[in-house]
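Colleague: Below is a structure I'd like to ask you about.
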Amino acid sequence: MSKTTLIIKREYLTRVRKRTFIISTILFPLLYLGLIFGSSYIAAKSGTHLNVAVIDSSGFFDRGKIERENMKDPDSSSRLTLVNMNPDSLAANFKKEGYDGYVVIPARLKWEDSVGSKLTIFTSRTIGGEGTGPVQSKLNNIWNSIKNEKLGIDENKKMILEKNTIKITPQNINDKTANSDVATGIAYACGILIYIILLLYGSQVMMGVMEEKTNRIAEVIVSSVKPFQLMLGKIIGIGLVALTQFLIWVSFVFIIYNVTSASAGGGAMSQMVANAQKIFMSINVPLILFCFIFYLLGGFFFYASLYAAIGSAVNEDMREAQSLSFPITMLVIISITMMSSAMKDPSGPLAVWASIIPFSSPIMMMARIPFGVPGTVPWWQLAASMATLIAGFMFTTWFAGKIYRTGILMYGKKPTWKEMIKWAFRKS
């Protein structure tokens, strides 16, 4: 067994046997789902609830229309109340009256104007657009009903106008089974998962190298193993830990899917299984899994080697490590921020080039693949992306190995990127 293999085995076994690995493997999917559904629940419950008084000087907004609008959505974050008060008196006492703000509808308001009217909501605190949006929506609904009455549009005609709308559904003629909604969800999940793994396990590589250097363990190891072998073994070992965790998650998904498929008798469970089958039928599961594993490992090797180089160069000061790793971390953050823009047009120039450039391709290409191969992602683009990523992590591994060889045995000197680049291109 080679020395590199022994290091890989040591790094892998010491991490998968830890209790933290087992706990994180179980808890991460739960936390991920909790983050998605919990954030939606919190956003719904923590919205701005406004009780707004309305002073109508136009004579259009009567109490019946306002109450009907409130009754349409009793759980809305806003409520309108028609009051018969002087604006100056209400301005001084609206908080005592139990209102969060008030709106004055002027007498000059004309329903036949072709230009929209601008009203002001007066409050005692600054409220954002999302907070005042429901108030604006309710006032517009009432105003539309007033205009409908003036134009002689009855409820039946109004219903036709509201219900008879045009909805656009995208359809890829090269892949008619593709579902854009499903593809978007899978793309987000893949991109965010790779983003988390790159930062989480990349920092583990850096911290592991720093710990061995600080404890002088590296000095003992490099006496019998080449520094490059030590670095490569550590990167591959931790990369296999990340892969193992992902495969466990995938296995859980398929086990749960098969169990629910076998036990689904009818009702809601049967409907859920049917929806899951539609999702799996609308995507190329083997291709997505293969590409995810490839880009997960390729992106990890690309970034982990740089994190290892930083860990070998710094001493005990964690601030030095954070400062040097900041440019590397920013590359990952830039990739995830570009993902949303690229998903709006997966075949656009931004999406194409960002999925070929090595530092962003792990996240960007996985954000495009669910939309269809070769429909959205031609085979040549997928091949070019894989080839450049392989070339990229081979270069970063070589580059980091040169830095690692010098930095792992250097103490007491504060490194900089300029100095580390000199180490990399110094002739042996």
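The numbers here are math on the coordinates, done by the rules we state, and not lab data. The shown structure was predicted, so the numbers you read here are calculated from the model rather than taken from an experiment. Glycine also receives a Cβ, built like all others from the backbone with ideal geometry; neighbour counts cover every protein chain displayed.
Colleague: Report ³J(HN,Hα) in whole Hz for each residue of the range 8-19, in order, from the Karplus equation J = 6.51 cos²θ - 1.76 cosθ + 1.60 where θ = phi - 60°; Gly and Pro get x.
Modeller: 4, 4, 5, 5, 5, 5, 5, 8, 6, 7, 6, 5
Colleague: Moving on to the next point. How far, in nm, would the chain grow between Met330 and Lys96 when pulled straight, counting 0.36 nm per residue and subtracting the alpha carbon separation?
Modeller: Net length gain for the segment: 79.2 nm.
Colleague: Identify, among Ser89, Asn51, Ser78, the residue whose Cα sits farthest towards the positive end of the charge dipole of the range 49-156, taking +1 on the Cβ of Lys and Arg and -1 on the Cβ of Asp and Glu, with the dipole about the Cα centre.
Modeller: Result: Ser89.
Colleague: Oh, and also: Which value in nm describes the separation of the simple spin-label points at Lys157 and Ala424, placed 7 Å from the Cα toward the beta carbon?
Modeller: For Lys157 paired with Ala424, the spin-label model returns 7.2 nm.
Colleague: Would you pull out the residues with amide H under 5 Å of Phe359's amide H, same chain only if 5 or more places away, H placed 1.01 Å from N?
Modeller: none
Colleague: Separate question: Once amide H atoms are placed 1.01 Å from N in the peptide plane, what residues at a sequence separation of 5 or more from Val54, or on another chain, have their amide H within under 5 Å of its amide H?
Modeller: Long-range HN contacts for Val54: Thr81, Leu82, Val83, Val103.
Colleague: Continuing with the same structure: Normalised by the empirical 2.2 N^0.38 Å for globular proteins, what value does the Cα Rg of the range 303-428 take?
Modeller: 1.26
Colleague: Still on this structure, I have one more. For the pair Phe21 and Leu409, what calculated FRET efficiency results from E = 1/(1 + (r/R0)^6), where r is the Cβ-Cβ distance and R0 = 35 Å, to the nearest 0.05? Intermediate values should be presented prior to the final figure.
Modeller: Numbers: r = 30 Å, r/R0 = 0.86.
Efficiency at R0 = 35 Å is approximately 0.70.
Colleague: Give the distance, in whole Å, between the Cα centre of the range 303-369 and the Cα centre of the range 223-238.
Modeller: 23
Colleague: Net charge within 10 Å of Phe228 by Cβ-Cβ distance, Lys/Arg positive one each and Asp/Glu negative one each, not counting Phe228 itself?
Modeller: Values: positive: Lys226, Lys402, Arg405; negative: none.
With Lys, Arg at +1 and Asp, Glu at -1, the neighbours total +3.
Colleague: Exceeding 19 Å between C-alpha atoms, which entries from my cross-link table qualify? They are Lys18/Lys226; Lys118/Lys147; Lys95/Lys138; Lys72/Lys118; Lys138/Lys167.
Modeller: In this structure, Lys18/Lys226; Lys95/Lys138; Lys72/Lys118; Lys138/Lys167 exceed 19 Å between Cα atoms.
Colleague: Next up: Near Lys96, which aspartates and glutamates are there with a Cα under 18 Å away, not counting those fewer than 8 places off in the same chain?
Modeller: Excluding near neighbours in sequence, the set is Asp88.
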